[in-house]
1. Residue separation times 0.36 nm, minus the C-alpha to C-alpha distance between Q72 and E340: what's the value?
2. Evaluate the distance, in nm, between pseudo-label points positioned 7 Å from the Cα of E204 and of K326 along their respective Cα→Cβ axes.
3. Compute the distance in nm between two label points, each set 7 Å from the Cα along the Cα-to-Cβ direction, one at Y86 and one at M9.
4. For T46 and E164 in one chain, what is 0.36 nm times their gap in residues minus the Cα-Cα distance, to one decimal in nm?
5. Summing +1 for each Lys or Arg and -1 for each Asp or Glu, what net charge is found among the other residues whose Cβ lies under 15 Å from the Cβ of K169?
6. Rounded to the nearest 500, what is the chain's calculated 222 nm mean residue ellipticity when only DSSP H runs of at least 4 contribute -39500 (n - 2.57) each, over all residues?
7. Counting DSSP beta bridges with both partners in region 49-295, what percentage is antiparallel, nearest 5?
8. Pick from Y332, Y186, Y32: which residue has the top mean-square fluctuation in a GNM of the chain where Cα pairs under 10 Å get a spring?
Amino acid sequence: MVSEDYKSMLNGKSVIRQMSEWAAKRGAEIGYENVFDYSLGNPSVTVPQAFTDKMIELLQTKNPMELHGYSQSQGIPAVRAKLAAYLNKTFDMNYTAEHIFMTTGAAGAIAHAVRVVTKPGDEVITFAPYFPEYQQYVNRTGAVLKIVPADTEAFQINFEKMEELLNEKTAAILINTPNNPSGTVYSTKTIQTLAKLLEEKQKEYGHDIFIISDEPYREIVFEGVDAPYVSKYYANTLSCYSYSKSLSLPGERIGYIAANPECTDAALISVMCAQISRGIGHNCPPSIIQLAVAEVLGLTAELSVYETNMNLIYDELVKLGFTCVKPGGTFYIFPKALEEDSVAFCQKAMKYDLVLVPGDSFGCPGYFRMAYCIDTEKVERSLTALRKFVETEYPRS
Ligand SMILES: Cc1ncc(COP(=O)(O)O)c(C=O)c1O
């Protein structure tokens, strides 16, 4: 008999996927270039040529047994050592290879990180608006995801509400900065306040509370924005990174966990993750992709287009009367809808071939997300559709 549990999940398919499927269908009717598809967070800039060149060089020069062989369960030791050195230089940390665990993107990193610091029944706190897959990443481990309501003024952390959720069962805090969907970057002050609060609570409860810091957008930060490295401020931090967005490599499934060298059992986190892999049938990312990213540490795709797109959209939204926190990074913006029901709002937008995602699935109804990882030329054309949509459906008196 098939699992009723997983079967029931088929009825709760991701709204983002549904919107994107609609966009593809509509594209087949009117030409995809005429659908303003802001649904998916799929990078729109190509992987850097230097990365492709490295892959070719590896294929032409490396021993195929090494390139295509099994990787050690924690990842290739030389790759982990290079990564540790890179992080030390960039963020003034003290990692060694033993603190690094190679993963299949941020998803694989979070799935391991949650398991390594929780047991079934423990609670993990996150903050609305949040990446909807957190429900699966956390609740499927037997731990329970608790959601702090959004601070809609700035999309920083609502500490008052957070304190109401903290309790002896709290084992971890899952944060995402720069944030999907709000585009907000947590300030140094926010991270310091969070760290201080958690230090106090660790003492009060007499156990560790880990920060699991989900950082796939670490490099997509706009001009002048303060973007602290979370682990610098709190010892019990597991940084979960992915090359999906920074190098435009989501299909390659490559990322890592970096355990702060000062965290509890720092030397055990990576080896324990390798044990977790056995239980969930995850094995290390392919050797070739580990070797390739280690050759281009610090390299990114041409990310500046995202800031160009953000400015175009933000300015237009403000002109049209939207309430909107200006993003500090990522390729998302999260304005307030023009009616309370953001699902109805997004449905009306579809009449204008604008594909927007309601905030409900991010734990923040009344708002909507635009993933502006699309060509700037298309963003410019979409603004006409946006104006028409707003002026027709929500005329100002
Ligand atoms: C906030 C956040 N976390 C995790 C992920 C998963 O990233 P990956 O594709 O690297 O597994 C995504 C992907 O969009 C994301 O936006």
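1. Details: separation 268, 0.36 × 268 = 96.48 nm, distance 5.14 nm.
Net length gain for the segment: 91.3 nm.
2. Calculated label separation equals 3.6 nm.
3. Each label point lies 7 Å from its Cα, and together they span 3.0 nm.
4. On the way: separation 118, 0.36 × 118 = 42.48 nm, distance 4.39 nm.
Extra length available between T46 and E164 comes to 38.1 nm.
5. Working: positive: K119, K146, K201; negative: D122, E123, E163, E164, E168, E204, D208.
Result for the local shell: -4.
6. Details: 14 runs with 166 residues, N = 397.
Taking each H run of at least 4 residues, the total per residue is -13000 deg cm²/dmol.
7. Numbers: 9 of 27 bridges.
Restricted to region 49-295, the bridges split so that about 35 percent are antiparallel.
8. Y32
A short reminder: the numbers here are calculations on the coordinates, not readings from a lab. Owing to the predicted nature of the structure, the values given are computational and were not obtained by experimental measurement. Cβ atoms come from the backbone with ideal geometry, glycine included; neighbour counts cover every protein chain shown.
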